[in-house]
Amino acid sequence: MTDATKSEMFGADGIAGPLRHTSFRRIWLASLLSNLGILIQGVGAAWAMTQMTSSADKVALVQTALMLPVMLISMPAGAIADMYDRRTVALVSLGIALAGATTLTALAWFGLITPNLLLALCFVVGSGMALMAPAWQSSVSEQVPSETLPAAVALNGISYNIARSVGPAVGGIVVASAGAIAAFALNLLLYLPLIAALFLWKRMAEPSRLPPEKLGRAMVSGVRYITNSPAIKIVLTRAMVTGVVGGAIIALMPLVARDLLHGGPETYGMMLSAFGLGAIIGALNITEVRKRTSGEAAMRACALSMGAAIAAVALSRHPVLTASALVVAGAAWMLAAALCNIGVQLSAPRWVAGRALAAYQAAGSGGIAVGSWGWGNLTNAAGVETALLVSAALMLVSPLLGLWLRMPRIGTWGEVAEMLDDPEVRLPLTGRSGPLVVEIEYRVAGENARAFHNVMQEVQLFRKRNGAYGWSIARDIADPELWTERYHCPTWLDYLRYRNRSTRSERAMEQQALAFHVGANPVRVRRMLERPFGSVRWKDDTPDPAANDVLPVITSGAGGTT
């Protein structure tokens, strides 16, 4: 390897650049071993199910059991990752997965495993990993600088897919030589390095002067942010469609090996290895793809390539041809997943990163889980080949979604702007005082009315996703130059959180709106307590410290516009 090649690989933009950072390198290597163990266990579970039952839907439900928890608990998991220490959350999650894997191994050892127990314990293991995933992925930005984040995201994908390329083959050998029990036991041992790496990680958390949100409120905040973020909604929809339609190749892989290729666990492992090898190739080229093509063009190419590859798998009866098609499918799958993942990570600010990533994982994994159930039932009715051909046809037409849901340009929109000083307050308040009403008066020249109104529609979106509700914009009928923007926040504490959630791009949009203001007087901002009864004191206007367990009641300083 030449010096130029090394510099390109290990530089800030290089794929191996994040490995220069000790914490990331240590956790990445440990996660590689953990992923290897999970995939070895997956091979054992899938093959054990084929030995216990001939039902195609039961075999496909192994993937559903592993992926469904991501859809069911991803939003609570994302909220927990944003509320608490992400290192601690990851360790607890690993403990849950380890308990499920230990129980599975013990029951298999004593011959007590049944199809339903196997699915239930796969669900437990999947639940632990689903809880861990948002904390782990959102913590990547705390382990590497922002300029290497896209490469770090791609490396995490490479970690999983290196394991995918090796793990299934190893799993097949282990299952063939020692049975599924050995695969389950080996997974237990491979959890330990990641637990040790997380213990060694000295996470530098940024202290917050505000207490964390309650779980329910945090989940609502995450959903609100996503529903008011058009770009993220498009990414999630495309990820779900890819999971539902393309998930057939993953869910039906054991049946491809058994029924189409007439092989055993070794063949199944080889096919999964081919898919994983393709995924590594895709991940290694993600930087070049992002440089050379738009997100929409890349997603279209991935869908067309995957559709053709799935059709080839359906029609092939030769292992070499099937493996070659799976390499293509794996590369296309990984590129599509990485593009969506990077888009979410770079667009969501840190305060909601865990929840945004959880929503992405719920969309992709939920699509695979629901799709696996559907593909299993279709296979029971029409056979493996027909199910795969239907999947291929749907994948080939899926790029038409881009006509309505075009992939957004990937950028670094999620950089949080500078903290604002708290506004001046003279009314006694506690953190729970509210609702708070904010009114902002603009004076806009008549010829700029339409342009101002259009900008305010964008302002509305970021106000809502950061915590405001009941937004409106009104124009005075007696004084047409006077416009009043109005919105609510549930409590004073929610308002303080809202003020400091804006990203740089959102602050720029707010300044664009303010630039329309004309006249000698500045924009007028009113902050009002909508239900002031609790602030009306008969004896003493001094706030009761015991009633305010959140933050000082009265603060002053140079507040921002809103």
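A few remarks follow.
- Neighbour-limited loop hits for GluC sites (Glu not before Pro), the range 422-474 (at most 12 other Cβ within 10 Å; DSSP other than H, G, I, E, B): Glu424
- Annotation for Ala508 and Arg350: the two label points, set 7 Å from Cα along the Cα-Cβ direction, are 2.0 nm apart.
- When the chain is described by a simple charge dipole with +1 on each Lys and Arg Cβ and -1 on each Asp and Glu Cβ, the residue from Gly367, Ile173, Ile249 located farthest towards its positive end is Ile173.
- Computed over the chain, the convex hull of the alpha-carbon atoms projects to a mean area of 30.7 nm².
- Taken about its Cα centre, the chain carries a charge dipole of roughly 160 debye when the Cβ of each Lys and Arg holds +1 and the Cβ of each Asp and Glu holds -1.
- Calculated diffusion of the range 449-512, Stokes-Einstein form, Kirkwood radius summed over Cα pairs, 37 °C and 0.692 mPa s, µm²/s: 260
- The range 436-547 has equivalent-ellipsoid semi-axes of 30, 18, 12 Å, by the square roots of 5 times the alpha carbon gyration tensor eigenvalues, sorted largest first.
- FRET efficiency for the Lys214 to Asn521 pair, using the beta carbon distance and R₀ = 41 Å, is estimated at 0.55.
- Angle of helix 230-246 to the longest C-alpha principal axis of the chain, folded into 0 to 90 degrees and rounded to 10: 10°.
- Centroid-to-centroid separation of the range 428-455 and the range 467-500 [C-alpha atoms, Å]: 4
- For the range 41-126, the C-alpha radius of gyration divided by 2.2 N^0.38 Å, with N the number of residues, is 1.21.
- Ordered by the count of other Cβ atoms within 10 Å of each Cβ, fewest first, Trp109, Trp375 give Trp109, Trp375.
- Between 0 and 90°, nearest 10: helix 295-315 axis offset from the chain longest Cα axis: 20
- With neighbours defined as other Cβ atoms within 10 Å of a residue's Cβ, the residues Ser472, Ser398, Ser391 order from fewest to most as Ser472, Ser398, Ser391.
- Student exercise, the range 182-326 dipole from Lys, Arg, Asp, Glu Cβ charges, in Debye to nearest 20: 620
Quick note: the coordinates plus some simple rules give every number you see, no bench work behind them. In this text the structure is predicted, and so the values were computed from the model without any measurement. Glycine also receives a Cβ, built like all others from the backbone with ideal geometry; neighbour counts cover every protein chain displayed.
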